[in-house]
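Worksheet: one structure, shown below.
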Amino acid sequence: MSNIPENAPNHCPGTQSEDAGKASACAGCPNQNICASGVPAGPDPAIELIKNRLSNVKHKILVLSGKGGVGKSTLTSLLGHGLAARFPDKNIGILDADICGPSQPRMLGVRGEQVHYSGSGWSPVYVGDNLSLMSIGFLLGSPDDAVIWRGPKKNGMIKQFLSEVEWGELDYLLIDTPPGTSDEHLWGVHYVAGAGVSGTSDEHLSAVQYLSGAGLSGALVVSTPQEVALLDVRKELNFCRKLDVRVLGVVENMAVFVCPNCKSRSEVFPATTGGAAAMCEELEVPLLGALPLEPLLARAADSGHSYLQLQPPGSQTLVAMDQILDKIVAACESTS
Amino acid sequence: MLENVKSVILVLSGKGGVGKSTVSTQLALTLKERGFKVGLLDVDLCGPSVPHILNLENENIHQGTDGWVPVYLDKEQRLGVMSIGFLLKSRNDAVVWRGPKKTAMIKQFLEDVYWQDLDFLVIDTPPGTSDEHITVMENLRQIPQCSAIIVTTPQEVAIEDVRKEITFCRKTGISILGIIENMSGYQCPTCNECTNIFSSGGGKSLAEISKLQFLGCLPIDARVGKLAGQGLAAVKELPDSTTSKVLNDLVTVLAESIQNGS
């Protein structure tokens, strides 16, 4: 019997089984109701909505990492600023999908801004002329407010963010994600990928199926050099492989530290196993570059200033960032 | 559930990569060195780091008559470890699960592990305030001997997420033992100049604002980072380091709390 979808939960009884939608393994499966109803349902209406909404977005990039605190948000904001500065005529959007710990409003210096809901959807907050941001951080009343939600509620929010933000014409949409390989990720991939597909007419919402249309330009995976982080990042790369998400490449963050006093270089997070370079070779994914561990960058992120505008003389970060941007732009252009 | 455990310590942080697993494992190792019987439970299902840090990656969990038998680090069985990492076939395998399945797994971890008599059970958690946390809290709420240690790094981006975690603890009624600041400063190995890469003092001011005890600052120490993967205790290998001092002080606080409790 091959009616068990590839992306089904373990112990899925199969979509044609009598237990479909009723077995214990079905609890929490997004298709439980579809299976239980016994009739082949149409496509998830959200897929169509998101597809329409994101039809004006040329390149959609997911920024991922299995590990937390490696610099996903920092890299996303750097990329956003970098792309916006490089292409003054193009529009860049950032979607902060980290619901439990949204960092983008602070990093982009737009904390406390209000987002408005109009007839055409949520209007994002403009950080610059051609850089806009949407984050759950804008919807929380106080910085102490916690979003204590289980998976399904978070998924609803992400679905809303993907389908109801009025981005306008965008050349690049960067999606900043929370750490892990869980609900948010499944849904992000599922919906964004679906957005580029024309025919979405099967009863089972197979992420793999929607991905064949390649609505998603790909994923950018962030890591730090030490094995504890790489261990989680390997899992993330495997996750991308399982869901057929193209990996644009890996960026290694916090690679070397240059002492501001004596200018000597040292490894703060020792790459005992060869760092990201060795991992990329082993798993056959491109390494886009390495960013040094730089106190100024951490300050810029805290204060909400654009690191690019601080123009630190001879900054290794800027040089590395430029090369990373080149590679990302080239990879995106090659798909379109 | 967990009747034979004198004290349960949750290691939490809203932010990822601040060193929860490093703090959890070093805390467990320090407790063991001080002669306590310790259990270490890793409930980070998507990114279990504990087996790697303790060099137990190829170990297996066995099913005994009383439940799952944890993996023991030492022959005397003073430090038992449980992690989903032991159940994965390959270290590259990803656990791509939605909420309900994670919830079920954590419940099993909390209920079905045969820890024997423990002085301390240290629980290492994933970042965030979501399924895993809600499940752990729901189950541990009725256990009076449970409290949380919050780990943060000094920069504001991290503090912002950690504030949310404190709100989470308060909403769910878990008492907070205090805050530890990790990655406080980095001493250049060449010139010994200390640089606050991620600024400094954030943990302390957070403790003041939220009226919590401040448990100390752990510096960035590449030597401690290198202990990961070997299962060695910082207090034993680097007895003179600041890290060891902070850990020893913390264990003294914890030891007093169980003496007062029992």
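Per-structure values
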| read-out | value |
| --- | --- |
| Segment A:282-321, accessible area per residue, ligands and nucleic acids excluded (1.4 Å, Å²) | 47 |
| Extension gain (nm, one decimal) between B:Ala222 and B:Leu238, 0.36 nm per residue minus Cα-Cα | 4.6 nm |
| Over chain B: Rg over Rh, Cα atoms, Kirkwood Rh | 0.94 |
| Amide H partners (placed H, <5 Å) of B:Leu40, local residues excluded | B:Gly80, B:Val81, B:Met82, B:Val122 |
| Accessible surface of chain A [probe 1.4 Å, protein heavy atoms]: carbon and sulfur percent | 50 |
| Residue-averaged [θ]222 nm for chain A, counting only DSSP H segments that reach four residues, each worth -39500 (n - 2.57) | -11000 deg cm²/dmol |
| 1.4 Å probe, heavy atoms, protein only - residues of segment B:82-109 losing at least 40 Å² accessible area vs chain alone | B:Arg91, B:Asn92, B:Ala94, B:Val96, B:Arg98, B:Pro100, B:Lys101 |
| J(HN,Hα) series, segment B:225-241, from Karplus relation 6.51 cos²θ - 1.76 cosθ + 1.60, nearest Hz, glycine and proline x | x, 6, 5, 4, x, 10, x, 9, 7, 4, 5, 8, 7, 10, x, 8, 6 |
| Tilt relative to chain B, helix B:20-33 - C-alpha long axis, 0 to 90 degrees, to 10 | 80 |
| Folded to 0 to 90 degrees: helix A:227-242 orientation relative to chain A principal axis, Cα | 40 |
| Surface per residue (accessible, 1.4 Å probe) for segment B:5-261, Å² | 37 |
| Farthest positive-ward along the protein assembly as shown dipole, Cα basis, beta-carbon charges - from B:Ala28, B:Ser244, A:Pro225 | B:Ser244 |
| With Cα atoms, 0 to 90° folded angle of helix A:183-194 axis to chain A main axis | 80 |
| Pairwise FRET efficiency - A:Arg265 versus A:Asp19, Cβ, R0 = 60 Å, nearest 0.05 | 0.50 |
| Selection from A:Pro105, A:Pro286, A:Val63 lying farthest towards where the dipole of the protein assembly as shown points positive, charges on Cβ | A:Pro105 |
| Qualifying trypsin sites (Lys or Arg not before Pro) in segment B:119-174, DSSP loop, other Cβ atoms within 10 Å at most 14 | B:Arg141 |
| Cα centroid separation - segment B:4-21 against segment A:67-131, whole Å | 31 |
| Pairwise centroid distance, computed over Cα atoms, of segment A:244-278 with segment A:293-336, Å | 15 |
| Loop trypsin sites (Lys or Arg not before Pro), segment B:202-262, which have at most 15 other Cβ atoms in a 10 Å radius of their Cβ (DSSP) | B:Lys211 |
| Two-site FRET efficiency, B:Lys245 against A:Leu296, from Cβ-Cβ distance with R₀ of 22 Å, rounded to 0.05 | 0.15 |
| Radius 13 Å from Cβ of B:Ser244, net charge of other residues (Lys, Arg +1; Asp, Glu -1) | -1 |
| Summed buried accessible area for A+B [probe radius 1.4 Å, Å², rounded to 100] | 5100 |
| A:Val222 long-range amide H proximity, modeled H, under 5 Å | A:Leu64, A:Ser65, A:Val251 |
| Solution diffusion estimate, µm²/s, Stokes-Einstein, chain A, Kirkwood Rh from C-alpha pairs, 37 °C, viscosity 0.692 mPa s | 158 |
| Under Karplus coefficients 6.51, -1.76 and 1.60, residue-wise ³J(HN,Hα) of segment B:100-114 in Hz, glycine/proline x | x, 6, 5, 4, 5, 5, 5, 4, 5, 4, 6, 9, 9, 8, 8 |
| Whole-Hz couplings from phi, Karplus 6.51/-1.76/1.60, listed for segment A:288-294; x for Gly and Pro | 7, x, 10, 9, x, 7, 10 |
| A:Glu166 versus A:His116: modelled label distance in nm, points set 7 Å from Cα along the beta carbon direction | 0.8 |
| Cubic angstrom per residue, convex hull over Cα atoms of the protein assembly as shown | 148 |
| Cross-link partners of B:Lys171 among aspartates and glutamates (Cα-Cα below 16 Å; sequence separation of 8 or more within a chain) | A:Asp144, A:Asp145, B:Asp131, B:Glu132, B:Glu138, B:Asp161 |
| Nearest-20 debye value, the protein assembly as shown charge dipole, Cβ charges on Lys, Arg, Asp, Glu | 420 |
| Set of lysines with alpha-carbon distance to A:Lys60 below 23 Å, sequence-local pairs under 8 removed | A:Lys51, A:Lys72, A:Lys90, A:Lys154, A:Lys159, A:Lys235, A:Lys242, A:Lys327 |
| Pair B:Asp93, B:Asp112: separation of 7 Å Cα→Cβ label points (nm) | 1.5 |
| Value of [θ]222 nm, deg cm²/dmol, for chain B, DSSP H segments ≥ 4, -39500 (n - 2.57) each, nearest 500 | -11000 deg cm²/dmol |
| Residues of segment A:69-97 buried by at least 20 Å² on assembly (accessible area, 1.4 Å probe, chain alone as reference) | A:Gly69 |
| Chain B - percent of accessible surface contributed by carbon and sulfur, probe 1.4 Å | 45 |
| Size of electric dipole in segment B:5-261: Cβ of Lys, Arg +1 and of Asp, Glu -1, about Cα centre, debye, nearest 20 | 300 |
| Calculated FRET efficiency for the pair A:Gln311/B:Asp66, C-beta based, R₀ 56 Å, to 0.05 | 0.30 |
| Other-chain or far-sequence residues with amide H under 5 Å of A:Leu173's (modelled H) | A:His59, A:Lys60, A:Ile61, A:Gly93 |
| Charge tally in the Cβ shell below 14 Å around A:Pro143, where Lys, Arg are +1 and Asp, Glu are -1, A:Pro143 excluded | -3 |
| Label-point separation in nm, A:Ala277 to B:Asn55, each point 7 Å along Cα→Cβ | 2.6 |
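The values are calculated or read from the model by the stated rules, or taken from the named source; none is laboratory data. Predicted, not measured: the structure shown is a model, and the values here were computed from it. All Cβ positions, even for glycine, are placed from backbone atoms using ideal geometry, and neighbour counts span all protein chains on display. For accessibility, only protein heavy atoms count, side chains too; no ligands or nucleic acids. Shrake-Rupley method; radii C 1.70, N 1.55, O 1.52, S 1.80 Å.
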